[in-house]
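Everything on this sheet refers to the single structure shown next.
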Amino acid sequence: RLDGADRDLRRGREMHHAMGAATGEAFSLQRLAELAATRGDLRGAHRLLDESLAVARESDVGFHLLDRIYGARIALAADPVAALAAVDEAEELVCGPLETCPGCRITLAVPAAIALAKGGQLDRLVAYEASCQWLADVVMQLPAWDAALDEVRGHRCRAQDDPAAARSHFGEALRGFREAGQPHDVARCAAEIASLEA
């Protein structure tokens, strides 16, 4: 329901801005960026992410926002090279207790792991996949994050030229996302499976 989401997020951004609530404004902008990308407007999405990041840095709780903003920047990168550059930037700028928190870290770790797999940087991927597993199993304990972990593993298996294992992990991810009611994630995993079978 993209039109409804657009309306609500814009209203939320306006209300938070009016009351000086930087956290809510930055979060609204980050979600608006994801909405723009879903509609195919990557340029607009990156502009909104830049604005979200600027607002988040003014917030007292930016450490709850920077992971998800940089995670979105990685996920919405135009190509694997740009995604790897976004991972490098995130590693440099989102690394301490004032920039990150355990509960939010998974929103960066998952897209970073996928970007590293797609970019063929399997040595770096090892630590990210382990982090994703710990965050999914110990910190988050929510089915959709278990699905996200399977998606990470699917990309890793694909990068290791193991299509059967990749299909299995993407299939598990698809089922998990479907049970969680996340149709965009289901469609993305279905596309990965289809590309492996082509």
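The values are calculated or read from the model by the stated rules, or taken from the named source; none is laboratory data. Keep in mind it's a predicted model, so treat the numbers as computed, not measured. Cβ coordinates were reconstructed from backbone atoms using ideal geometry, including for glycine residues, and neighbour counts include every protein chain displayed. Note: accessible area is taken over every heavy atom of the protein model, side chains too, but ligands, DNA and RNA are not part of it. Shrake-Rupley method; radii C 1.70, N 1.55, O 1.52, S 1.80 Å.
List of remarks:
- When exposed loop sites are taken as trypsin sites (Lys or Arg not before Pro) in a DSSP loop with at most 15 other Cβ atoms within 10 Å, the longest stretch of the chain clear of them is 58-198.
- Rolling a 1.4 angstrom probe over segment 73-198 with all protein chains present gives an accessible area of which 56% lies on carbon and sulfur atoms.
- Degrees, to the nearest 10: 102-118 long Cα axis against longest axis of the chain: 50
- Comparing His16, His64, His169 in a Gaussian network model of the chain, where Cα atoms under 10 Å apart are tied by springs, the biggest mean-square fluctuation is seen for His16.
- Cβ-defined net charge surrounding Leu122, 10 Å radius [Lys, Arg +1; Asp, Glu -1]: 0
- Cα centroid separation, segment 1-35 to segment 130-198 (Å): 29
- For percent of Cα pairs over 21 Å apart, the value calculated from this model appears in (i) 48; (ii) 53; (iii) 62 under label (ii).
- In the chain, helices alone account for a calculated mean residue ellipticity at 222 nm of -25500 deg cm²/dmol, with every DSSP H run of four or more residues adding -39,500 (n - 2.57).
- Model label sites at Glu14 and Asp137, defined 7 Å from Cα along the beta-carbon direction, differ in position by 4.8 nm.
- The string of couplings for segment 170-179 from the Karplus curve (6.51, -1.76, 1.60, θ = phi - 60°) is 5, x, 5, 4, 4, 4, x, 5, 5, 5 Hz, one whole number per residue in order, with x for Gly and Pro.
- Three-way shape label, segment 114-192, alpha-carbon gyration tensor, a/c 1.5: oblate
- Charge sum, other residues only, whose C-beta stays under 13 Å from Pro97's C-beta, Lys/Arg counted +1 and Asp/Glu -1: -1
- 10 Å beta-carbon shell around Gln133, net charge (K/R +1, D/E -1): -2
- As a calculated quantity, the FRET efficiency between Asp60 and Ala187 at R0 = 45 Å, using C-beta atoms, amounts to about 0.75.
- Between helix 66-75 and the chain: long-axis angle, C-alpha atoms, 0 to 90°, nearest 10: 50
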